[in-house]
Amino acid sequence: MNMRNRIAESRYTFSINLPTSLYEKLLSKAGRGKVSTFIKQLLEEKLITEEQDQKEQLRQQLIASHKRVAKNQKLKKELAV
């Protein structure tokens, strides 16, 4: 996305405490001056994945519930005959 086309979004600044060994790994992976962007991307990926997982779990629960209702209706019909 081009910088001119980006919508300005409010931002929050916060600090975190990391063990030195983890910070060094982060720095070597992201590169100097790019740690913030790297962490932002990781957080976005994690949150998106969790949201997708929750939606899939709900979908599976709805399917299971629908199957139970359908089975109950079938049993009711069989008993009525």
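Any idea what the dipole of region 20-64 comes to, in debye rounded to 20, about its Cα centre with Lys/Arg Cβ at +1 and Asp/Glu Cβ at -1?
280
Taking the chain as the reference, fit the longest principal axis to its C-alpha atoms, fit the long axis of helix 35-80 to the helix C-alpha atoms, and give the angle between the two in degrees, 0 to 90, nearest 10.
Roughly 0 degrees, rounded to the nearest 10.
³J(HN,Hα) across region 12-17 via Karplus (A = 6.51, B = -1.76, C = 1.60, θ = phi - 60°), whole Hz, x for Gly/Pro?
Karplus values, whole Hz, x for Gly and Pro: 10, 10, 8, 10, 10, 9.
All of the numbers you see were taken from the coordinates with simple rules; none came from a lab. None of the values given here were measured: they were computed from a predicted structure. Cβ sites come from the backbone with ideal geometry, for glycine too, and all protein chains shown count toward neighbours.
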